[in-house]
Amino acid sequence: MIVLVPAYQPDTRLVTLVADLRQAGHTVLVVDDGSGPDHATMFAAAARLGAQVLTHPRNRGKGQALRTGLAHVQATHPGQDVVCADCDGQHTPADIARVAARLRAVADDTLVLGTRRFTGEVPARSRFGNTVTRLLFRTVTGTAVHDTQTGLRGYPAAMLPWLLSVPGDRFEYELEVLLRATTSGRHIVEEDIATVYLEANASSHFRPVVDSLRVYVPMLTFAASSLTAFTLDTALLLVLHATTGNLLASVLGARAVSSSANFLLNRHVVFRRPRRAPWRAAATRYAGLVLALLTVNYLLLAALTSIGVPLLPAKVLTEIALFATSFEVQRRFVFTAGSTHDGHVPEAAPALPTMSPARTTPRGKAPQCPSTTPTRPPRTASSREHTPAPLQLSSPGSGTTSPD
């Protein structure tokens, strides 16, 4: 098991974390996300303690730093699980060990979240942000996750290729992982950890406005797509009904146009299927969904208008009633990432940025992680029923990075 720590302009808390983890026998990989020369001493100290340090020449964002570390682990230590932790003091070695132990007990399709319960002294913006994100996440995905913003996460080795294909360069990456996990048949489990905020989380590089938009946009794109289709459908319905006076013909005509637009938006924007991916099977499934929803839509409209409800309010009520059903069916069956129904193969991992070695390594050579314990046998789904195995610790090998 390798502990991956992305870091941007860290303070001494990074050094303390590395010291504690190395003392416990963990292999530690730190990714310096373009922190600059003013923070080089922190990374040099981490390397002297035995951590491996990879450096982005410039700041690329937390998501890209995580993918850099995950790609390095996959390339140099296949079969090793990864626990990701933040460098700002929020994640204690005890909690990291707890998540690692839980990770060893779950199946290869399951990721582990170190979940805070937000008790005690918690900054208002952190409490509010997590509450809003948690509610939005559950509304959009139907999955309850108590702490969607936690940076303490455990990933099975088998999940690394998939993680490298998830888009998002900054804070939105971690939420995108959770969103895509719910659409690709992967599972999420939570392990309680301590809620730690030092100095009101003053060391956080999270920008409330810009990064909140990055986090929330993935969850709101489906709502925006549906609103666009609803607006188009409603406008066409009113125009056609005023022109023909025939409710059924108006509903059919409006839905034919709006559903085509909605399919294209959801395929390429919401669920981000590549343009080259086969589309006929997805289109067939979508057409079946449209037909089913259209039948229910018409019956509800007919029932509401027959009792005197005007057409526009009846349309709004009907669409609200069917919104959640439409999303859930599309998420699970129509645009499922990695689905074999349409012959689509998941996208290859995006190209990673060029990594330069940290100052503590010889120029031109990427630092290598020290040797670890042998790769364990593949998990099975039934392993989730077993008592968590004890945390396996590894000792640093001869490849430990040393100063120039």
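The values are calculated or read from the model by the stated rules, or taken from the named source; none is laboratory data. Every value quoted in this text rests on a predicted model; they were computed, and no experiment measured them. Glycine also receives a Cβ, built like all others from the backbone with ideal geometry; neighbour counts cover every protein chain displayed. Note: areas computed on protein heavy atoms with side chains; ligands, DNA, RNA excluded. Shrake-Rupley method; radii C 1.70, N 1.55, O 1.52, S 1.80 Å.
For segment 38-68, filtering for residues that are in contact with a strand residue (DSSP E or B) (Cβ under 9 Å, 6 or more places away or on another chain) and among the hydroxyl-bearing types (Ser, Thr, Tyr) leaves 2.
When Ala65, Ala101 are checked against the criterion of being open to solvent by 10 Å² or more (accessible area, probe 1.4 Å) and touching a residue at least 24 places away in the same chain (Cβ under 8 Å), a single residue qualifies: Ala101.
Under the condition of being without any contact (Cβ under 8 Å) to a residue 12 or more places away in the chain and within 16 Å of Asn246 (Cα to Cα), which residue from segment 296-311 is least open to solvent (accessible area, probe 1.4 Å)? First the steps, then the outcome.
Filtering segment 296-311 for residues without any contact (Cβ under 8 Å) to a residue 12 or more places away in the chain gives 299, 303, 306-310.
Imposing the further condition that a residue be within 16 Å of Asn246 (Cα to Cα) reduces the set to 299, 303, 306, 310.
Numbers: Leu299: 106, Ala303: 50, Ser306: 89, Pro310: 80 Å².
Among those residues, the one meeting the criterion is Ala303.
Looking across segment 103-127, just one residue is among the β-branched types (Val, Ile, Thr), within 16 Å of Val145 (Cβ to Cβ) and modelled with pLDDT under 90, and that is Thr115.
Is it true that Thr41 is of a type in the set (Ser, Thr, Tyr) and at pLDDT below 95? When the stated conditions are applied, Thr41 does not pass them. Met42 meets each of the listed conditions (1) touching a residue at least 60 places away in the same chain (Cβ under 8 Å); (2) buried (at least 18 other Cβ atoms within 10 Å of the Cβ) apart from (1). Those helices (runs of 4 or more DSSP H) of segment 10-123 in which at least 2 residues are within 24 Å of the chain's Cα centre (by Cα), considering only elements entirely within it, cover 62-76, 93-103.
Just so you know, in segment 147-182 the residues that are surrounded by 21 or more Cβ atoms within 10 Å (Cβ to Cβ) and among the acidic types (Asp, Glu) include one that is modelled with the lowest pLDDT, and it is Glu172. Inspection of segment 284-295 finds no residue satisfying the criterion of being open to solvent by less than 40 Å² (accessible area, probe 1.4 Å), hydrophobic (A, V, I, L, M, F, W, C) and modelled with pLDDT of 85 or more.
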